[in-house]
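Peer 1: Let me give you the structure first, and then I'll get to my questions.
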Amino acid sequence: MKRMGFILAAIALATPSLAADPAPAEIVTSLYRIYAGPKGDYATGSLDDPKVVAFFTKSLRAAMTAMYARSKKIDEPILDFDPVTDSQDPQVERLSIAPAGDGVAAATFYSGAEKHVVRYVFKRESGAWRIDDVSGGEGDGKWDLREIIKPGAK
């Protein structure tokens, strides 16, 4: 009987569906791994990559889709930089990712000498953490993805 209990416990631990879902900081780490690409140069990362979009809430996905449609209609970019790398020309060095409050994770990195902090706000959706907003910058350079992509913002 003890042996059967041990076997069942081992199976339960090995089953991915029973594993704890990733915390926000772990999701952000996965996001930057995807963005880094096979060469680690961040040249291939994109917010519309299906592997990246899978981290978003349904609401953020819908808002991004609507923004892309408006952008196409007016024939100009609404989102004219990449929020993940906080740039138009990605350069991510000395990346560190840490929890930054309840349901928030922050990625801190440098582009040359310039320090960037990008904050990811998460919501629970279908039992898992999903990215619902992204923000960064300071002072006049402060930005919020939801504010940039909302209708009428540009």
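The values are calculated or read from the model by the stated rules, or taken from the named source; none is laboratory data. Predicted model only: the values in this text are computed from it and were never measured. A quick note on method: Cβ atoms are made from the backbone with ideal geometry, for glycine too, and the neighbour counts reach across all protein chains shown.
Peer 1: Looking at ILE27, is it surrounded by fewer than 16 Cβ atoms within 10 Å (Cβ to Cβ), among the β-branched types (Val, Ile, Thr) and either in a helix (DSSP H, G or I) or modelled with pLDDT under 90 (or both)?
Peer 2: no
For every residue, the table says whether it meets (1) more than 16 Å from ARG33 (Cα to Cα); (2) not β-branched (Val, Ile, Thr).
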site	(1), (2)
ALA54	no, yes
ASP80	yes, yes
VAL92	no, no
ALA107	no, yes
SER126	yes, yes
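Peer 1: Looking at the stretch 106-128, is at least one residue in a loop (DSSP other than H, G, I, E, B) and surrounded by 15 or more Cβ atoms within 10 Å (Cβ to Cβ)?
Peer 2: No, because not a single residue in the stretch 106-128 is in a loop (DSSP other than H, G, I, E, B) and surrounded by 15 or more Cβ atoms within 10 Å (Cβ to Cβ).
Peer 1: Those residues that are within 18 Å of TRP129 (Cβ to Cβ), among the basic types (Lys, Arg) and surrounded by 14 or more Cβ atoms within 10 Å (Cβ to Cβ), I need them from the stretch 49-72; list them, please.
Peer 2: ARG61
Peer 1: Here's another thing I want to ask about it. Would you confirm whether any residue within the stretch 81-94 is farther than 25 Å from ASP140 by Cβ, free of Cβ contacts under 8 Å to residues at least 24 places away in the same chain and either in a loop (DSSP other than H, G, I, E, B) or not acidic (Asp, Glu) (or both)?
Peer 2: no
Peer 1: Please go through the stretch 86-105 and give me each residue that is farther than 12 Å from GLY40 by Cα and surrounded by 19 or more Cβ atoms within 10 Å (Cβ to Cβ), ordered by number.
Peer 2: ASP86, ILE97, ALA105
Peer 1: Also, quick follow-up: Quick check, is ILE148 β-branched (Val, Ile, Thr) and part of a loop (DSSP other than H, G, I, E, B)?
Peer 2: no
Peer 1: If ILE131 passes every condition in (1) closer than 20 Å to LYS51 by Cβ; (2) exposed (fewer than 14 other Cβ atoms within 10 Å of the Cβ) but one, which one does it miss?
Peer 2: Answer for ILE131: the failing condition is (2).
Peer 1: Please specify each residue of the stretch 96-123 satisfying the condition of being farther than 23 Å from THR57 by Cα and of a type outside the set (Asp, Glu).
Peer 2: Listed by number, the residues that qualify are SER96, PHE109, TYR110, SER111, GLY112, ALA113, LYS115, HIS116.
Peer 1: Another question about this same structure. Take the stretch 53-73 and flag every residue that is in contact (Cβ under 8 Å) with a residue 24 or more places away in the chain, out of contact with any helix residue (DSSP H, G or I) (no Cβ under 6 Å at 6 or more places or on another chain) and part of a helix (DSSP H, G or I).
Peer 2: LYS58, SER59, LEU60, MET64, ALA66, ARG70, listed by residue number.
Peer 1: Can you work out which of the residues in the stretch 93-117 that are touching a Pro at 6+ places or on another chain (Cβ under 7 Å) and among the aliphatic types (A, V, I, L, M) is nearest to GLU26 (Cα to Cα)?
Peer 2: The selected residue is ALA105.
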